[in-house]
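> So that we are looking at the same thing, I have put the structure below in structure tokens.
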Amino acid sequence: MYIHERKDWPDFSLDQAQLSVLLAEVRHLQGRLLGRMEALGFRLREEATLETLTQDVIKTSEIEGETLDFQQVRSSLARRLGLDIGGATAPAPRNVEGIVEVMLDATRNYSKPLTKTRLYDWHAALFPTGRSGMQHITVGRWRTEASGPMQVVSGPIGREKVHYEAPGYNRLDKEMLAFIKWFNTKPEIDLVIHAALAHFWFVTIHPFDDGNGRIARALTDMVLTRSEGSSQRFYSMSSQIQRERNTYYDILEKSQKSTLDITPWIEWFLGCLKRAIEASDNTLGSILIKARFWEAYVSHTFNQRQRAMLNRLLDGNFEGNLTSSKWAKMSKCSQDTALRDITDLVDRGILVKDNAGGRSTGYLLNVLK
């Protein structure tokens, strides 16, 4: 029996005493992280938010098997956040712009109520062509009779294993009305637990043809943002779920086939959130390295190409070695201009030659060597 088939659905219960220690640890880590970030100043907090949201957008899509281009996502977010990251920030593909719009609406407008129209708009933004892959889907409204049973299935054709079947389409208006009303009501439980329950409840209803996981994670971020009272994000729950993807699906399936006591799900969620906050040290580390670099060279003059390329190197998202050819291509300049830019940075000790050798001379940032 699935959880939504029980007569007392959706009257969830949980053991708050069992969860209290883990919840206290998570809340402590949230407060400590926010305190550390407050000391960095507004500009660095915005950069940390940009890095976190970029990972959030990329990883929430990866969980569903979709790979997005890092630079396109980062560029789209930077443009909407009003951040200058150097280089062109041309519009990204519609599917990238769509998921960016959803994540920013969830986190920047976290205090606004959730409505059916808002969820419809999110779904339409995720699927601007009306397709999921090669398949036409119902976009911007709940799934319909034409969708057939909404099942989570694995295995080869003819030997499929059904892991879960969501409520029928004819129940969706009633189910989502109850969910939205609950979501907008001031919770009697801690907001972090509220986020865990919102995630579980939404994916269990599975109201759309596709995109339910991404919207559930956007709702999660929305409530976590409320729990912190700040739209700035410094850790990525989606990145941690991606790292623990198999465990995530296992606990979800077990909970959807269990009783209305969802303590095991909440416990896993809190543990995952704790690990997500702890993992944010990597993001903060790169932001601090970047800040120290620009402080050290505050009296130096750089042209736009140099500043943009140094930022890319400092962000740690540069693939392979930096060469004059890559510089020319990425900066849209001539090879001679690229070499002059690089030579100037080498002369100042900012770049050093990579001694690994090879057909083309490579360069490394001195601060990262």
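The values are calculated or read from the model by the stated rules, or taken from the named source; none is laboratory data. No experiment lies behind these values; they were computed from the predicted model shown. Here Cβ is always computed from backbone atoms with ideal geometry, including for glycine, and neighbour counts include all displayed protein chains.
> How do the pairs read when you match residues in region 155-173 that are in contact (Cβ under 8 Å) with a residue 60 or more places away in the chain with residues anywhere that are among the aromatic types (F, W, Y), using Cβ under 8 Å and keeping only pairs 6 or more apart or on different chains?
Sorted first by the residue in region 155-173, then by its partner, the pairs are H163/Y249; Y164/Y2; E165/Y2.
> Under the condition of being within 20 Å of I58 (Cβ to Cβ) and touching a helix residue (DSSP H, G or I) at 6+ places or on another chain (Cβ under 6 Å), which residue from region 105-141 is modelled with the lowest pLDDT?
P128
> Does E47 qualify as being over 30 Å from I180 (Cβ atoms), at pLDDT below 90 and surrounded by 21 or more Cβ atoms within 10 Å (Cβ to Cβ)?
In short, yes.
> Check whether at least one residue in region 14-37 is outside any helix (DSSP H, G or I), crowded, with 18+ Cβ neighbours inside 10 Å, over 23 Å from the mean Cα position of the chain (by Cα) and not acidic (D, E), and report yes or no.
yes
> May I pose another question? Which condition breaks for I189 when tested against (1) touching a His at 6+ places or on another chain (Cβ under 7 Å); (2) in contact (Cβ under 8 Å) with a residue 60 or more places away in the chain; (3) in a loop (DSSP other than H, G, I, E, B)?
Only one criterion is unmet by I189, namely (1).
> Which ones in region 224-259 are among the aliphatic types (A, V, I, L, M) and free of Cβ contacts under 8 Å to residues at least 40 places away in the same chain?
Passing the criteria: only I251.
> For region 137-167, enumerate the residues that are part of a strand (DSSP E or B) and buried (at least 16 other Cβ atoms within 10 Å of the Cβ).
V152, H163, Y164, E165
> From N303, N282, grab the single residue that is closer than 25 Å to M37 by Cβ and surrounded by fewer than 19 Cβ atoms within 10 Å (Cβ to Cβ).
N282
> Looking only at region 316-325, how many residues end up being within 23 Å of E51 (Cα to Cα) and either surrounded by fewer than 19 Cβ atoms within 10 Å (Cβ to Cβ) or not assigned by TED's automatic domain parsing to the domain that holds T361 (or both)?
6
> If I ask for residues that are within 37 Å of the chain's Cα centre (by Cα) and closer than 19 Å to H300 by Cβ, which ones from region 339-356 would you list?
Result: D341, I342, L345, V346, G349, I350, L351, V352.
> What is the residue count in region 306-341 for residues that are under 21 Å from A78 (Cβ atoms) and not in a helix (DSSP H, G or I)?
5
One line per residue, one yes/no per condition, for (1) over 32 Å from the mean Cα position of the chain (by Cα); (2) modelled with pLDDT under 90; (3) of a type in the set (V, I, T); (4) farther than 18 Å from I85 by Cα:
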| residue | (1), (2), (3), (4) |
| --- | --- |
| F269 | no, no, no, yes |
| K274 | no, no, no, yes |
| W294 | no, yes, no, no |
| S325 | yes, no, no, yes |
| M330 | no, yes, no, no |
